[in-house]
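A.B. asks: Structure provided below as structure tokens; questions to follow.
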Amino acid sequence: MSIIPDFVLSLVTTYLTSLLYWFSDQIYADLIKRDPDHLLVKLHDHVDLAPLEKACAAFHHASGPGAWPTHPVPQLVRAFLVKYLFDWSLREIEWHVRFNLVVKWFVGYPLFAAGPDHSTLERFDLWVCFHERRTAFDDVLRQIDAAFPGERRSPQIGDTYALQADAARETLVRLIRHASQRLLTALDRAEAERGAQVRAQLDLVALFGPPHEVGEYRLKPDERTVRLQTTVLAALECAQRVHAALDQAPPLSTEMRTPVVQWLDLLDKIIQDDIALTRDEQGCLSGAVERKDKGSYRLGSATDPDATYRVHDDQCDLGYNVNVAVSDNFIREARADTGAQPDNVAVPDLITAQQEHHDLTPAKLIYDAAAGTGKTLARVREVSHGQTQLVAPLVPYEKRTDLFTPDLFRLSDDGLTLTCPNQQTSSVAYRSGSGEGRSFRFFASQCRTCPLWEQCRTQPLGSKAKRQVFISDYRADVDAARTYSLTPEFLADRKLRSHVERFIAGLVRYNGARRARRRGLIQADFQAKMNATAFNLKRWMRLLTRPQPAAT
């Protein structure tokens with residue numbers, strides 16, 4: 001039995017707790033007074049995190065029915081933001097919140113309090129990724145626009161960079177085996193009995209190789225071909241038997257069936273993109289060899305199926321292609337797509353995202369020659385309702401041939417007839433296979449006496465072959481872009497093009513935008529937006545201390 005009354009213990013505890021809080025506040029006050037230019041001190045004074053805290057208020061622990069987090073959301077929001085500001089791992093941010101006094105003060109913990117561990121921080125990070133993926137980026141940009149209103153009116157510049165996947169490249173045999181293993185694992189999770197039945201019917205040695213198998217790098221070319229063929233035929237049999245297992249009664253629920261079907265599709269894609277199959281006279285599969293003309297969106301690893309190969313200049317990266325649009329000082333939009341997606345495909349999406357989330361349609365978007373195609377020009381005109389001028393050098397199609405190019409043929413105002421440089425007219429036209437234009441035909445009877453024959457045709461003079469001229473549906477957009485490219489404004493805009501390179505250098509060197517920390521397109525896109533958020537915050541705080549030009 002305690003000799004000290006309970007009320008006395010309560011008073012002492014309350015007093016000591018208050019004393020510790022007072023002591024903590026004094027230490028923090030002295031600390032921030034000594035370094036008022038620290039990034040976190042300036043962020044504390046200038047950035048309002050209340051909207052982000054409100055957006056994340058629904059976060060709760062996975063364990064327990066609606067159990068609220070041990071650590072308040074405002075602290076988790078700040079810790080989450082610091083993680084991306086300094087490109088720290090989860091364990092690093094856990095350490096800094098506990099022992100780095102400036103970080104601890106900014107996040108909101110008293111001097112002697114224990115911060116969240118890395119697992120709690122990871123749960124919160126993933127929750128934000130899947131529920132509020134662009135909230136931090138958008139809210140920071142709105143505050144920046146309030147502080148620097150001129151940024152919304154400045155021309156924007158677009159470009160891409162590679163975000164390398166958190167997965168190693170796999171050889172073709174390894175890729176097929178890995179995809180097959182994940183397929184069987186998905187079937188096991190859906191229903192263990194069906195999975196066991198399929199495995200019992202398969203030649204697992206042919207599919208996965210014998211124990212202590214010799215590495216591929218030690219095999220001769222013909223031995224590699226044999227191993228590839230054996231693996232492919234076994235994988236096709238595996239896919240066939242899994243299909244049969246899915247058709248068995250009772251049917252699996254959609255939730256259990258979906259992962260199995262996804263891996264079936266991925267295995268089928270790998271074989272179609274990388275393998276050329278041969279069949280015997282009876283139509284049965286007899287062999288498999290690696291394709292020379294592989295699919296452009298082919299997978300590189302079954303660890304991250306969303307990642308594909310990005311070939312840019314002489315560099316090839318397995319991962320994601322991140323498109324950014326920047327103004328004078330800040331990143332206005334960032335989005336990640338699979339690595340094999342061409343740079344120009346996402347250009348209209350950069351504009352659409354800004355319209356949806358910031359009510360902004362840029363007056364100009366400056367890009368490199370990748371965007372100089374009629375289709376891209378037309379899509380930008382369509383999504384911007386004609387308000388955005390896409391500034392990009394046109395793709396020089398005329399350099400691919402010495403013959404007359406389509407732009408030298410005059411299309412009538414109604415689009416029904418086409419006139420050649422020798423004033424011959426054709427109204428015979430057919431839609432192209434791509435559905436993006438028409439092919440006009442000039443017959444030999446029109447061209448027989450033409451003095452420009454050698455400049456227009458490859459056939460010898462007098463040939464009865466017809467001359468086809470493809471006229472794109474985007475010809476008007478190309479003509480408008482060609483006219484603009486002859487103006488002084490175009491040359492001035494092009495000089496701004498290199499401005500984007502320092503943004504990309506800052507992202508990949510100082511803001512963690514070179515390598516993906518997680519797998520999957522959704523998480524790659526989230527990382528790209530948070531890397532851009534970190535860049536914008538640092539740039540904002542730097543501009544606050546820049547000397548202002550003297551008034552004239």
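A.B. asks: Please go through region 254-289 and give me each residue that is of a type outside the set (A, V, I, L, M, F, W, C) and in contact with a helix residue (DSSP H, G or I) (Cβ under 6 Å, 6 or more places away or on another chain), ordered by number.
C.D. replies: Just the residues of region 254-289 that are of a type outside the set (A, V, I, L, M, F, W, C), to begin with: 254-255, 257-259, 262, 265, 268-269, 272-274, 278-283, 286-287.
The answer is P259, D274, G287.
A.B. asks: Looking only at region 115-131, how many residues end up being among the acidic types (D, E) and either touching a Leu at 6+ places or on another chain (Cβ under 8 Å) or crowded, with 18+ Cβ neighbours inside 10 Å (or both)? I'd like the intermediate steps shown before the answer.
C.D. replies: In the first step, residues of region 115-131 are kept if they are among the acidic types (D, E); the result is 117, 122, 125.
Next cut, either touching a Leu at 6+ places or on another chain (Cβ under 8 Å) or crowded, with 18+ Cβ neighbours inside 10 Å (or both) only: 122, 125.
Result for region 115-131: 2.
A.B. asks: List the residue pairs whose Cβ atoms are under 7 Å apart, where the first residue sits in region 139-160 and is under 26 Å from R494 (Cβ atoms) and in contact (Cβ under 8 Å) with a residue 24 or more places away in the chain, the second is among the aliphatic types (A, V, I, L, M) and surrounded by fewer than 21 Cβ atoms within 10 Å (Cβ to Cβ), and the two are 6 or more positions apart or on different chains.
C.D. replies: Close Cβ pairs (under 7 Å, with a partner that is among the aliphatic types (A, V, I, L, M) and surrounded by fewer than 21 Cβ atoms within 10 Å (Cβ to Cβ)) amount to R152/L360; P155/A363; P155/L496; I157/L496; D159/I504.
A.B. asks: If you don't mind, there's one more thing I want to ask. Being at pLDDT 90 or above and at positive phi: is that true of D87 here? Spell out the reasoning first.
C.D. replies: Numbers: at pLDDT 90 or above: yes; at positive phi: yes.
Considered against the rule, which asks whether it is at pLDDT 90 or above and at positive phi, D87 comes out as yes.
A.B. asks: In region 448-473, how many are within 26 Å of A378 (Cβ to Cβ) and assigned to a loop (DSSP other than H, G, I, E, B)?
C.D. replies: Here the count works out to 1.
A.B. asks: If the requirement is being β-branched (V, I, T), buried (at least 22 other Cβ atoms within 10 Å of the Cβ) and under 30 Å from E213 (Cα atoms), which of these qualifies: I176, I157, I144?
C.D. replies: Numbers: I157 fails: under 30 Å from E213 (Cα atoms); I144 fails: under 30 Å from E213 (Cα atoms).
Within the list I176, I157, I144, the selection yields I176.
A.B. asks: Regarding region 456-463, can at least one residue be identified that is modelled with pLDDT of 90 or more and over 24 Å from Q164 (Cα atoms)? Explain how you work it out, then say what you get.
C.D. replies: Restricting attention to region 456-463, the residues satisfying the condition of being modelled with pLDDT of 90 or more are 456.
Applying the additional criterion that residues be over 24 Å from Q164 (Cα atoms) yields 456.
Looking for residues that are modelled with pLDDT of 90 or more and over 24 Å from Q164 (Cα atoms), one finds at least one in region 456-463, hence yes.
A.B. asks: If you don't mind, another one. Listed residues L252, L236; which is hydrophobic (A, V, I, L, M, F, W, C) and within 19 Å of L204 (Cα to Cα)? Full working, then the answer.
C.D. replies: Numbers: L252 fails: within 19 Å of L204 (Cα to Cα).
Of the residues listed, the single one that is hydrophobic (A, V, I, L, M, F, W, C) and within 19 Å of L204 (Cα to Cα) is L236.
A.B. asks: Which ranges mark the helices (runs of 4 or more DSSP H) fully within region 165-248 that have 3 or more residues being assigned by TED's automatic domain parsing to the domain that holds P259 and closer than 15 Å to I275 by Cβ? Walk me through it before giving the result.
C.D. replies: On the way: elements: 172-190, 192-201, 204-208, 221-246.
Because the criterion is at least 3 residues that are assigned by TED's automatic domain parsing to the domain that holds P259 and closer than 15 Å to I275 by Cβ, the helices (runs of 4 or more DSSP H) in region 165-248 that meet it are 172-190, 221-246.
A.B. asks: So which helices (runs of 4 or more DSSP H) stay within region 27-132 end to end and still have 3 or more residues that are among the aromatic types (F, W, Y)? So that I can check it myself, show each step before the final result.
C.D. replies: Values: elements: 39-46, 50-55, 73-85, 90-99, 101-107, 118-131.
Result: 118-131.
A.B. asks: Within region 258-302, which residues are among the acidic types (D, E) and part of a strand (DSSP E or B)? I'd like the intermediate steps shown before the answer.
C.D. replies: Initial filter on region 258-302 (among the acidic types (D, E)): 265, 268, 273-274, 280-281, 290, 293.
The one that is among the acidic types (D, E) and part of a strand (DSSP E or B): E290.
A.B. asks: In region 474-499, which residues are outside any helix (DSSP H, G or I) and aliphatic (A, V, I, L, M)? It would help to see each step written out before you state the result.
C.D. replies: Step one: of region 474-499, the residues outside any helix (DSSP H, G or I) are 474, 485-487, 496-498.
L486, L496 - these are the residues of region 474-499 that are outside any helix (DSSP H, G or I) and aliphatic (A, V, I, L, M).
A.B. asks: Would you confirm, using the coordinates I've provided, whether Y367 is at negative phi, of a type in the set (F, W, Y) and within 17 Å of the chain's Cα centre (by Cα)? Even if it seems obvious, please write down each step before you answer.
C.D. replies: Values: at negative phi: yes; of a type in the set (F, W, Y): yes; within 17 Å of the chain's Cα centre (by Cα): no.
For Y367, the condition - at negative phi, of a type in the set (F, W, Y) and within 17 Å of the chain's Cα centre (by Cα) - is not met.
A.B. asks: For region 448-467, what are the residues that are under 17 Å from E398 (Cβ atoms) and touching a strand residue (DSSP E or B) at 6+ places or on another chain (Cβ under 7 Å)?
C.D. replies: C456, R457, R467
A.B. asks: Checking L252 against (1) buried (at least 17 other Cβ atoms within 10 Å of the Cβ); (2) within 25 Å of D293 (Cα to Cα); (3) in contact (Cβ under 8 Å) with a residue 60 or more places away in the chain, which single condition isn't satisfied?
C.D. replies: The one condition L252 does not meet is (2).
A.B. asks: Still on this structure: Determine, yes or no, whether S485 is closer than 25 Å to L377 by Cα, out of contact with any helix residue (DSSP H, G or I) (no Cβ under 7 Å at 6 or more places or on another chain), surrounded by 12 or more Cβ atoms within 10 Å (Cβ to Cβ) and not aliphatic (A, V, I, L, M).
C.D. replies: Numbers: closer than 25 Å to L377 by Cα: yes; out of contact with any helix residue (DSSP H, G or I) (no Cβ under 7 Å at 6 or more places or on another chain): yes; surrounded by 12 or more Cβ atoms within 10 Å (Cβ to Cβ): yes; not aliphatic (A, V, I, L, M): yes.
Taking the combined requirement at face value, the residue satisfies it.
A.B. asks: Quick check on my filter: what residues within region 319-340 are surrounded by fewer than 23 Cβ atoms within 10 Å (Cβ to Cβ) and closer than 27 Å to K294 by Cβ?
C.D. replies: R335, T338, A340
A.B. asks: Here is a follow-up. Give region 303-324 a look and list any residue that's assigned to a strand (DSSP E or B) and of a type outside the set (A, V, I, L, M, F, W, C), or say none. Walk me through it before giving the result.
C.D. replies: Start the filter on region 303-324 by keeping residues that are assigned to a strand (DSSP E or B), which leaves 308-312, 315-324.
The answer is T308, Y309, R310, H312, Q315, D317, G319, Y320, N321, N323.
A.B. asks: When region 440-458 is examined, which residues are found to be under 45 Å from the mean Cα position of the chain (by Cα) and either exposed (fewer than 15 other Cβ atoms within 10 Å of the Cβ) or not assigned by TED's automatic domain parsing to the domain that holds V469 (or both)?
C.D. replies: Answer for region 440-458, where residues must be under 45 Å from the mean Cα position of the chain (by Cα) and either exposed (fewer than 15 other Cβ atoms within 10 Å of the Cβ) or not assigned by TED's automatic domain parsing to the domain that holds V469 (or both): Q455, T458.
A.B. asks: Within region 500-520, which residues are crowded, with 16+ Cβ neighbours inside 10 Å and in contact with a strand residue (DSSP E or B) (Cβ under 8 Å, 6 or more places away or on another chain)?
C.D. replies: Within region 500-520, V500, F503, I504, L507, V508, A513, R514, A516 qualify.
A.B. asks: Say we look at region 275-317 and pick out the residues that are over 22 Å from Q523 (Cβ atoms) and buried (at least 20 other Cβ atoms within 10 Å of the Cβ); which of these is farthest from the chain's Cα centre (by Cα)?
C.D. replies: A288
A.B. asks: Can you pull out the residues in region 403-447 that are among the hydrophobic types (A, V, I, L, M, F, W, C) and in a helix (DSSP H, G or I)?
C.D. replies: From region 403-447, those among the hydrophobic types (A, V, I, L, M, F, W, C) are 403-404, 408-409, 411, 416, 418, 420, 428-429, 440, 442-444, 447; that's our starting set.
Result: L408, A444, C447.
A.B. asks: Let me ask something else. Keeping to region 384-432, report how many residues are touching an Asp or Glu at 6+ places or on another chain (Cβ under 8 Å) and free of Cβ contacts under 8 Å to residues at least 60 places away in the same chain.
C.D. replies: Our first condition is that a residue be touching an Asp or Glu at 6+ places or on another chain (Cβ under 8 Å); within region 384-432, this holds for 391-393, 398, 405, 407.
Filter once more, keeping what is free of Cβ contacts under 8 Å to residues at least 60 places away in the same chain: 398, 405.
Total meeting the criteria: 2.
A.B. asks: Quickly run through region 476-521 and pick out the residues that are among the charged types (D, E, K, R) and touching a Gly at 6+ places or on another chain (Cβ under 7 Å). Step through it out loud before you land on a result.
C.D. replies: Going through region 476-521, the residues among the charged types (D, E, K, R) turn out to be 477, 479, 482, 489, 493-495, 497, 501-502, 509, 514-515, 517-519.
Selection gives D477 alone.
A.B. asks: Across region 341-391, what is the total count of residues that are part of a helix (DSSP H, G or I) and closer than 26 Å to G295 by Cβ? Working first, answer last.
C.D. replies: So in region 341-391, the residues part of a helix (DSSP H, G or I) come out as 343-358, 369-371, 374-384.
Among the residues that remain, those that are also closer than 26 Å to G295 by Cβ are: 343-349, 369-371, 374-376, 379.
Summing the residues that are part of a helix (DSSP H, G or I) and closer than 26 Å to G295 by Cβ in region 341-391 gives 14.
The values are calculated or read from the model by the stated rules, or taken from the named source; none is laboratory data. Please read these numbers as outputs of a predicted model, since none were measured by experiment. Glycine gets a Cβ as well: all are built from the backbone with ideal geometry, and neighbour counts include every protein chain shown.
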